[in-house]
1. Please compute the modelled spin-label separation between Ala97 and Ile189, points set 7 Å along Cα→Cβ, answer in nm with one decimal.
2. Could you run the Karplus curve 6.51 cos²θ - 1.76 cosθ + 1.60 with θ = phi - 60° over region 348-360 and give me ³J(HN,Hα) per residue in whole Hz, x for Gly and Pro?
3. Summarise the accessible area of region 179-301 (1.4 Å probe, protein heavy atoms) by the percent that is carbon and sulfur.
4. How large is the accessible surface per residue of region 140-370, computed with a 1.4 Å probe and reported in Å² as a whole number?
5. Pulled fully out, how much extra length does the chain show between Asp159 and His84, if you take 0.36 nm times their separation in residues and subtract their Cα-Cα distance?
6. Ratio of the chain's C-alpha Rg to 2.2 N^0.38 Å, to two decimals?
7. Semi-axes of region 140-370's equivalent ellipsoid from the Cα gyration tensor, sqrt of 5 times each eigenvalue, largest first, rounded to whole Å?
8. Using R₀ = 45 Å, calculate the FRET efficiency as 1/(1 + (r/R₀)^6) where r is the Cβ-Cβ separation of Leu198 and Thr16; round to 0.05.
Amino acid sequence: MSNAPSNAPSNAPTFTLGAIELRRIALALVAPFRTSFGVETDRDILLVRVELIGSDGAVTEGWGECVALAEPTYSPEYVDGAQHVMLSHLIPAVRNAGQIDAAGATRAMAHFHGHPMAKGAIEMAILDAQLRATGTSFADFLGATRLTVPSGVSVGIHDTVDSLLTTVQGYMDDGYVRIKLKIEPGSDIEHVAAVRELIGPDTPLQVDANTAYRRTDGAHLARLDAYDLLLIEQPLPEADIIGHAQLAAEVETPICLDESLVSTSGTADAIALGACEIANIKPGRVGGYLEAVRIHDLCVSVGIPVWCGGMLETGIGRAANAVLASLPGFTLPGDISASTRFYAQDIVTDPITIHDGHVTVPRSPGLGFDIDQSFLDRITTAAISA
Ligand code: OSB
Ligand code: MG
């Protein structure tokens, strides 16, 4: 169990908030990424830069990445909305709180409903600065001891089985230890069968439907049982917890929730109802890394395996995800692929790479990255001080 950041006020040093800057950056994906909810080709990413002022007057910078996509297709949040709620509501509330640390900032935003990705990005920037100011790595802060984590890759929906197989073979050659296929009705059984045939029986394989099926699809999805999948991720709409429980009874392959899990208490309920046999933990979706750790701890306590999901993050989010995924309950490979899987050039100086299918857990002070300031400046489309 990690030394979980709790809801109680911590004894960590507190800081005063200095300057805050929101940055929008434009980054092209190396290839289109298609899911059942749409196609991503270019990212429009919102970053948060904070300055924390310590009791000795020293100023430390920290960065957070908001994982909201450009459109509200994965969840209700979208990048313009996240920027708006930060500027109009969240940042003023955090400023108003006075002396803070990351957990205190999150408490100061808690009375606002929703907007977990926006809140999570602010918490993340403050956490990064707080850790840098105290010379602490995120891994030490969490009590995470594993030095590397296995690297899985998420593969978008392809128009043809042939093109899918070419893509998957490329990732096999890169050394990924687990393949995740995006699926939707019409691009599922045949695609999974062909990929299983290509990669053989020993490479872990799983699928992600991003809510594309309905309760009545149990018999259809049970056909996937023939391909020895690790899990089926989020087959039904996010609110349909009972439907997932019904499906879990009909389908042998474990049902994993992504979109449905937005808090620790909701995760506990989904598990109790039999709807969540495996949990995908994404910090942005649940309001930040501190809540993500609490969900991890809950899952460990009730014996539910977890893995770390991804949201096409840059090197900022991917570094922090790699650290999170080194907690002991993350027993399945995460969507923690190399930076080059999505981006030709990253905004950090030390992008995530994979060696023998694994990613080294960063251990530098802060969340585990350093910004490539000149590249970041070149791709900045807007900078707003808040
Ligand atoms: O459902 O896991 C998902 C990307 C964007 C939005 C939702 C999802 C994904 C992925 C990407 O599958 C995984 C990654 O970032 O490597
Ligand atoms: Mg998913």
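The values are calculated or read from the model by the stated rules, or taken from the named source; none is laboratory data. Here the structure is a predicted model, which means the values were calculated and not measured. Here Cβ is always computed from backbone atoms with ideal geometry, including for glycine, and neighbour counts include all displayed protein chains. Heads up: the accessible areas ignore ligands, DNA and RNA and are worked out on the full protein's heavy atoms, side chains in. Shrake-Rupley method; radii C 1.70, N 1.55, O 1.52, S 1.80 Å.
1. Reported label-point gap for Ile189 and Ala97 is 5.1 nm.
2. Ordered by residue, 3J(HN,Hα) equals 10, 7, 10, x, 5, 10, 10, 10, 6, x, 10, 10, 6 Hz.
3. On the way: 2190 of 4210 Å².
For region 179-301, the apolar C and S fraction of the accessible surface comes to 52 percent.
4. Numbers: 7900 Å² over 231 residues.
The answer is 34 Å² per residue.
5. Values: separation 75, 0.36 × 75 = 27.00 nm, distance 3.64 nm.
Full extension from Asp159 to His84 adds 23.4 nm.
6. Working: Rg = 20.0 Å, N = 386, 2.2 N^0.38 = 21.2 Å.
Working it through for the chain, the quotient is 0.95.
7. Values: eigenvalues 144, 106, 38 Å².
That gives 27, 23, 14 Å for the three semi-axes.
8. Details: r = 56 Å, r/R0 = 1.24.
Computed FRET efficiency for Leu198 and Thr16: 0.20.
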